[in-house]
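Inspection log for the structure reproduced underneath, given as structure tokens.
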């Protein structure tokens, strides 16, 4: 090894030792299920309380994700009104819920729905019923 290479390498190593690594912290947080509610339900914490009312129904739909919402829609379309949809969260949608980040709409969950084409009229109808698809100035707009 030449002396010049040794001195250059040593100087470079010393310079790097004084450099600070950039922070890897990412601003923001996580959204999603409230695990405290789920654990309280699982562990029986709500069992100890007396219900404020009793409700009898023929059909119980567990979960307000897209499958639960579609099941409720199908029941209603078939003329069945005697059902209840139970949802652990404050808003329905499950993994298909959306939100905004910096004013831009985005999916919050693991699943999102691509814009349905003309080959998916049922999905288009479902989105219209949910208020997520409407005609504005002659064009379809999705929310």
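Read the figures in this text as sums done on the coordinates, not as results from a lab. The structure displayed is predicted, hence computed values, not measured ones. All Cβ positions, glycine included, derive from the backbone under ideal geometry; neighbour counts span all protein chains shown.
Summary table
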quantity: Extension gain (nm, one decimal) between residue 95 and residue 58, 0.36 nm per residue minus Cα-Cα; calculated: 10.7 nm
quantity: The chain: radius of gyration and largest Cα-Cα distance (Dmax), Å; calculated: 26.8, 90
quantity: Inter-probe distance in nm under a simple model that places probes 7 Å from Cα toward Cβ, at residue 3 and residue 120; calculated: 7.3
quantity: Estimated FRET transfer efficiency when R0 is 41 angstrom, pair residue 104-residue 39 (beta carbons, to 0.05); calculated: 0.80
quantity: For the range 56-97, diffusion coefficient by Stokes-Einstein and Kirkwood Rh (Cα), 20 °C, 1.002 mPa s, µm²/s; calculated: 206
quantity: In degrees, nearest ten, helix 66-77 long axis to first principal axis of the chain (Cα); calculated: 20
quantity: DSSP-defined antiparallel bridges as percent of all bridges, the chain, nearest 5; calculated: 60
